[in-house]
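*Asks:* Below you'll find the structure I mean.
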Amino acid sequence: MALEDKGIGKAKILIVDDLEMNRVILEEIIKDIGGEPLLASSGEEALEVVGKQSPELILTDISMPGMDGYELCKILKRKKETRNIPVIFISAYDEPEDIVEGLSLGGEDYITKPFIPEVVQARVGVHLRLYETKRELLETNRRLQISVKEQLKQIEQEKKNILYAMANIAAQNSAYKKEHMERVGANCRILAQGMQLSPLFEDQISDSFIDTIELAAPLCDIGNIGISKDILQKKAGLAKEEEEVIKNHTNIGAKLLGDLLVNSDHNDFISTAVDIAKYHHENWDGSGYPDRLTGIGIPLAAQIVSIAEAYCALTGEEELSREEALEVMGREAGIKFNPTIYEICRKISRQLC
């Protein structure tokens, strides 16, 4: 029965043998079952044929001048592109140790000479079907992984959309405009890019970090969604109790975001957002909240957001010029802000939006 009748198709089968008579015999056997024989007289020639023709199965003699069948099999099984091609050894010897060695190298089967056409056909048919089945399984698995990744990506994007919607509500409750949070994200990116050029920060700030902080920064005050709008928009001086309530927005935001961290495939984004939400009100000298962290103990992303948010607030809601805002911020460098990051911010301030 032809191989195509069995659903294999016109399979390419490489025959490797230094004796022409053996190649001719095997070539006719392969043709009889509908296969497409490819011929090579040495291991070296076989590798050239494999690189050009991509056979579905290889029949190789073991004992050949130069590269023998064992070495050919070793090379094929080491390469990602050829490791799955079935290799059947052919030999005049049927010693158990020869068979074991061939199988231990990754060979799928062993055929002895003289050739019995029915045996060769049966062995070839079995391994071609196994090869095709394995290839179909790998392709199915590849498609499944792509499908799962796309679904997870969509789920994560939907989560982000919900978070941004909540952050917008929180900003509105605080009397911030949506554009304010967008500016914070954009300026965090610009500031991080400037820091990446500094020897002091180049090892800490990757391109991925820059992308992540731009996306995570707008969520810095998402915890305000859990604070009364009356308190957030109160124009008169706040009572001490009300100040403590507002300060708690850092913990509320971190808790809200942290609950998403365990099952998230985008842990860099969520973990960075948690650091920002919780610590962007920490001060360089330890006078901030909620944990009174100091210096480099404050997560770097939170340090960047602290400066970017202050700049956006001063040049936005308070309508100060760029120079005026930097002057105000400069008085708090080393107190509220990391003085080194402030200096970088000052140098690149013309690029800020």
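The values are calculated or read from the model by the stated rules, or taken from the named source; none is laboratory data. Computed from a predicted structure; not experimentally measured. So basically every Cβ, Gly included, is an ideal-geometry build from the backbone, and we count neighbours across all protein chains shown. For the accessible areas, the whole protein counts, side chains as well, though only heavy atoms, and no ligand, DNA or RNA atoms are used. Shrake-Rupley method; radii C 1.70, N 1.55, O 1.52, S 1.80 Å.
*Asks:* Using all Cα-Cα distances in segment 109-264, what percent lands in each 10 angstrom bin from 0 up to the longest?
*Replies:* Result, from short to long distances: 9, 22, 21, 15, 9, 8, 8, 5, 2, 1, 0 percent.
*Asks:* For every other residue with a beta carbon closer than 10 angstrom to the beta carbon of ILE30, add +1 if it is Lys or Arg and -1 if Asp or Glu, then tell me the sum.
*Replies:* -2
*Asks:* Under the definition of Cα pairs under 8 Å and six or more residues apart, what whole-number percent is the relative contact order of the chain?
*Replies:* Details: 490 pairs, mean separation 37.7, N = 353.
The value is 11 percent.
*Asks:* Counting pairs of alpha carbon atoms under 8 Å apart in space and at least six apart in sequence, what relative contact order in percent does segment 181-242 give?
*Replies:* Details: 34 pairs, mean separation 21.3, N = 62.
It rounds to 34 percent for segment 181-242.
*Asks:* Based on the mean of other beta carbon atoms within 10 Å per residue, what is the order of 21-28, 303-310, 179-186, most packed first?
*Replies:* Details: 21-28: 16.1, 303-310: 25.4, 179-186: 19.5.
Ranked from most to least packed, the peptides come out as 303-310, 179-186, 21-28.
*Asks:* Which number do you get for Rg(Cα) / (2.2 N^0.38 Å) in segment 184-330? Walk me through the intermediate numbers first.
*Replies:* On the way: Rg = 15.6 Å, N = 147, 2.2 N^0.38 = 14.7 Å.
Taking the Cα Rg and dividing by 2.2 N^0.38 Å, one obtains 1.07.
*Asks:* Additional query: With the cut-off at 17 Å, report for segment 291-331 the share of all Cα pairs above it, as a whole percent.
*Replies:* Values: 313 of 820 pairs.
That fraction is 38 percent.
*Asks:* Grab every C-alpha pair in segment 1-108, bin the distances at 10 angstrom width from 0 up to the longest one, and report whole percents.
*Replies:* 15, 48, 32, 4
*Asks:* If you don't mind, there's one more thing I want to ask. Roughly to the nearest percent, how much of the accessible area of segment 52-101 is carbon and sulfur, given a 1.4 Å probe?
*Replies:* Details: 1270 of 2600 Å².
Ligands and nucleic acids excluded, carbon and sulfur reach 49 percent.
*Asks:* Across the Cα atoms of segment 52-109, what radius of gyration and what greatest pairwise Cα-Cα distance (Dmax) are found, in Å?
*Replies:* 11.0, 34
*Asks:* Send over the per residue convex hull volume for segment 107-151, Cα only, as a whole number of Å³. Please report the intermediate quantities before stating the final value.
*Replies:* Numbers: hull volume 2.1 nm³, N = 45.
Per residue, the Cα convex hull of segment 107-151 comes to 47 Å³.
*Asks:* In addition: Of the listed peptides 324-336, 32-44, what is their order by residue-averaged count of other C-beta atoms within 10 Å, with the highest listed first? Could you put the intermediate results ahead of the total?
*Replies:* On the way: 324-336: 15.8, 32-44: 18.8.
Peptide ranking by packing, descending: 32-44, 324-336.
*Asks:* Please give the peptides 196-203, 140-147, 227-234, 58-65 ranked by average Cβ packing (other Cβ atoms within 10 Å per residue), highest first, as a rough proxy for protection.
*Replies:* Values: 196-203: 12.1, 140-147: 10.0, 227-234: 14.9, 58-65: 21.8.
Output ranking for 196-203, 140-147, 227-234, 58-65: 58-65, 227-234, 196-203, 140-147.
*Asks:* What are the extents of the Cα atoms of the chain along their three principal axes, in Å, largest first?
*Replies:* 101, 39, 34
*Asks:* Using the alpha-carbon centroid of each, what span in Å lies between segment 305-335 and segment 174-201?
*Replies:* After rounding, the separation between the Cα centres reads 13 Å.
*Asks:* Further question: Aspartates and glutamates near LYS134 by alpha-carbon distance under 18 Å, same-chain residues fewer than 8 away left out - which ones?
*Replies:* LYS134 reaches GLU4, GLU56, GLU81, GLU108, ASP109.
*Asks:* On full extension of the chain, what length is gained from GLU327 through LYS52, given 0.36 nm per residue of separation minus the C-alpha to C-alpha distance? List each step's numbers first, then the result.
*Replies:* Details: separation 275, 0.36 × 275 = 99.00 nm, distance 6.83 nm.
The span from GLU327 to LYS52 would gain 92.2 nm if fully extended.
*Asks:* How much accessible area per residue does segment 228-297 have, in Å², with a 1.4 Å probe? Spell out each step's value before the answer.
*Replies:* Numbers: 3970 Å² over 70 residues.
Result: 57 Å² of accessible area for each residue.
*Asks:* In whole Å and largest first, what semi-axes does the C-alpha gyration tensor of segment 259-349 yield when each eigenvalue is scaled by 5 and square-rooted?
*Replies:* Details: eigenvalues 131, 46, 25 Å².
In descending order the semi-axes read 26, 15, 11 Å.
*Asks:* Restricting to Cα pairs below 8 Å that are 6+ residues apart, what does the relative contact order work out to for segment 138-280? Please round to a whole percent.
*Replies:* Relative contact order of segment 138-280: 26 percent.
*Asks:* Just how far, in whole angstrom, is segment 81-160 from segment 221-244 if you go by their alpha carbon centroids?
*Replies:* Between the Cα centres of segment 221-244 and segment 81-160 lies a distance of 66 Å.
*Asks:* Next question, about the same structure. Across segment 194-353, how many lysine pairs separated by 8 or more positions, or lying on different chains, have Cα atoms within less than 27 Å?
*Replies:* Value for segment 194-353: 22.
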